[in-house]
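Bear in mind these aren't lab numbers, they're just calculated from the coordinates by the rules spelled out. Because the structure is a prediction, the values reported are computed rather than measured. Ideal geometry is used to build each Cβ from the backbone, glycine not excepted, and the neighbour counts take in all protein chains shown.
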């Protein structure tokens, strides 16, 4: 049984389905990557798993429990962390305040988690008194991931964490994501940079028009001739 | 001559600087209320002037009761003793209108312009209610010592021809404003709840993802707004006398203050309050006697050397508002978030 799984999900906006029997999932300590062409429903699938999209069919389970009816806030309480693609930091607040807000639901001491985040992203410790809106794109993404980690989630969902950052920063971010997964957190992410993302993925999902086209390990997908031809540019 | 220069300064101090600081503080407190509602609930609350009036009215009623029973604060106005009651009742009013009216539109996810119209409805309702309870006339409720420094005392002290008077109400206004602003900034920047309000104002969706409860943020916003409104309304009434009608006229300079500073930004609200207050006073002040001190005797013109009659002081707010919206619509501090 996969730890977090959306199974046979159908749904969309305003009566038109975007997802058709789409299934994605991830286990603890794993990195699962969802790739596919533009408009494949990658982000929609993530939203569906997180509860930001009402499902017409299918269900979402976590740790064997059906959580399909829960609101996003309630899923956060259960241990899901979500990093949206855009507007994912509080721009008018300092880096440290962003992290504090990430831990808003916690009533215990958060200083240990915070120093954990600073160890993972040392540059944030230096900039902790700076406004998040004044940081570079890559640093902002680090704040966004750090904010989500502050709840000590069991599952971390990332919607295109490397959108708009330079290739060097991207490699760096992927390294950090693997590090996070090593601590036992399940990571489910959507990526545009399919080749790099699949190379770190334990599971890969290729979506096309809201349907699962290929599902395999990241390495197997990278080796698959059809996947390479159609989605990875040869 | 140095003495003439000092006399001119005393004249400007007495008629522009001192009243400007007091009026600026009142506008700043009012604009803070408007800005808080805008930053969190994202609409322009036109009922804020009437909310201030309501707060002042409750304070006045309690003041009368206290005065009737012989309670007082000696040299300070009894209204200060009654103010906490006014604040609590006004907070109740704000929470009540939110519960009965604004919450319905929030659940319907109404657009800001709907809220604006709704707030105009609240404005009319409140102004009717206030006239029912206390009537439309002027009310006297200030007591205690009227002046911190009388004009004559200043003249005797300095030997100048011109006096510089500071009213007790002006002193209280400024001190209260400083304390309230300091408390508000401490709350917003240092406390968990205050930070969660800023977070909600910055990015609603992300605040929700972080487990911040929007209804709680809205509730705290109304509590702060109600308290600010009661304080600002009472201070204004103490300084200029209470008359329900004047509070309707206050809405324009208050909004101008909030927008000039950058709506949604508390720092901007304060700066805007002083910009508007001093502009009004400087444009409507009659400079004739100042010119008299600064030029040889026969240069003084027959006219008052007044740019605009005080009857038109609202036009100053309007004018500044239009200029700001044309040139820098986001205001001095580029508002939008707390």
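Over the whole of A:90-103, what's the average partner chain Cβ count within 10 Å per residue? Rounded to a whole number, please.
That average works out to 5.
Taking chain B as a Gaussian network, Cα atoms linked when under 10 Å apart, which of B:113, B:174, B:275 shows the biggest mean-square fluctuation? Maximum fluctuation in the GNM of chain B, among the listed residues, is at B:113. By the helix-only formula, in which each DSSP H run with n ≥ 4 contributes -39500 (n - 2.57) and the sum is divided by residues, chain A has a 222 nm mean residue ellipticity of -10500 deg cm²/dmol. A crude spin-label estimate for the pair residue A:166 and residue A:226, with each label 7 Å from Cα along the Cβ direction, gives 4.0 nm.
The three principal axes of the C-alpha atoms in the range B:250-338 carry coordinate ranges of 55, 22, 22 Å, sorted with the longest axis first.
How many percent of DSSP beta bridges within the protein assembly as shown run antiparallel, rounded to 5?
If I count the DSSP bridges inside the protein assembly as shown, around 60 percent turn out antiparallel.
Using the alpha-carbon atoms, what tilt in degrees (0 to 90, nearest 10) does helix B:313-327 show relative to the longest principal axis of chain B? Once rounded, the angle reads 60 degrees. Inter-part distance, the range B:182-256 to the range B:137-181, computed on C-alpha centroids, equals 28 Å.
Compute the convex hull volume of the Cα atoms of the protein assembly as shown, divide it by the residue count, and report the result per residue in Å³ as a whole number.
Details: hull volume 113.1 nm³, N = 572.
For the protein assembly as shown, the hull spanned by Cα atoms encloses 198 Å³ per residue.
The antiparallel fraction among DSSP beta bridges confined to chain A stands at about 55%. Helical runs assigned H by DSSP (4 residues or longer) give chain B a calculated mean residue ellipticity at 222 nm of -23000 deg cm²/dmol, each run adding -39500 (n - 2.57) before division by the residue total. Here the translational diffusion coefficient of the range B:168-310 follows from Stokes-Einstein with Rh set to the Kirkwood radius across Cα pairs; for 37 °C and 0.692 mPa s it amounts to 180 µm²/s.
Hey, got the average number of other protein chain Cβ atoms within 10 angstrom for residues in A:139-148?
Per-residue shielding by partner chains comes out at 1.
Modelled spin-label separation between residue A:63 and residue B:205, with each label point placed 7 Å from Cα along the Cα-to-Cβ direction: 2.8 nm.
Three principal axis extents describe the C-alpha atoms of the range B:68-192; from largest down they are 66, 41, 32 Å. Largest GNM mean-square fluctuation among B:76, B:32, B:267, using chain B with Cα springs under 10 Å: B:76. Per-peptide packing, taken as the mean over residues of other Cβ atoms within 10 Å, places B:268-274, A:206-212, A:97-103 in the sequence B:268-274, A:97-103, A:206-212 from highest down.
Averaging the sequence gap over all C-alpha pairs within less than 8 Å and six or more residues apart, then dividing by the number of residues, gives chain A a relative contact order of 28 percent. Taking Cα atoms only, the orientation of helix B:168-190 departs from the longest principal axis of chain B by about 30 degrees.
With contacts taken as Cα pairs under 8 Å and at least 6 residues apart, chain B reaches a relative contact order of 32 percent. Relative protection proxy for B:315-327, B:243-255, A:145-157, B:291-303, from highest mean packing down: A:145-157, B:243-255, B:315-327, B:291-303 (other beta-carbon atoms within 10 angstrom).
Residues considered: A:119, A:30, A:160. Largest GNM mean-square fluctuation over chain A, using C-alpha springs under 10 Å, is found at A:119. Multiplying the residue separation of residue B:95 and residue B:302 by 0.36 nm and removing their Cα-Cα distance gives an extension gain of 69.0 nm.
For the range A:3-73, a Kirkwood hydrodynamic radius built from all Cα pairs, placed in the Stokes-Einstein relation at 10 °C and 1.306 mPa s, yields a translational diffusion coefficient of 130 µm²/s.
Computed log10 I(q)/I(0) for the range A:1-146 at 0.10 Å⁻¹: -0.42, from the Debye equation with unit scatterers placed on every C-alpha and solvent omitted.
The modelled label-to-label distance between residue A:27 and residue B:243, using points 7 Å beyond Cα along the C-beta direction, is 8.1 nm. Would you mind getting me the FRET efficiency between residue B:309 and residue B:42? Use the beta-carbon distance for r and R0 = 56 Å, nearest 0.05. Efficiency, from the Cβ-Cβ distance: 0.90.
Rg and Dmax, both from the Cα atoms of the range B:1-84 and both in Å, are 18.8, 56.
Per-residue mean of foreign Cβ neighbours for B:196-204 is 5 (Cβ atoms of other chains, 10 Å radius).
Hey, with R₀ at 25 Å, roughly what FRET efficiency would residue B:186 and residue A:106 work out to, going by the Cβ-Cβ distance, to 0.05? About 0.60, to the nearest 0.05. The three principal axes of the C-alpha atoms in the range B:2-327 carry coordinate ranges of 71, 55, 38 Å, sorted with the longest axis first.
Compared with the dominant principal axis of the Cα atoms in chain A, helix A:111-120 is inclined by about 60°.
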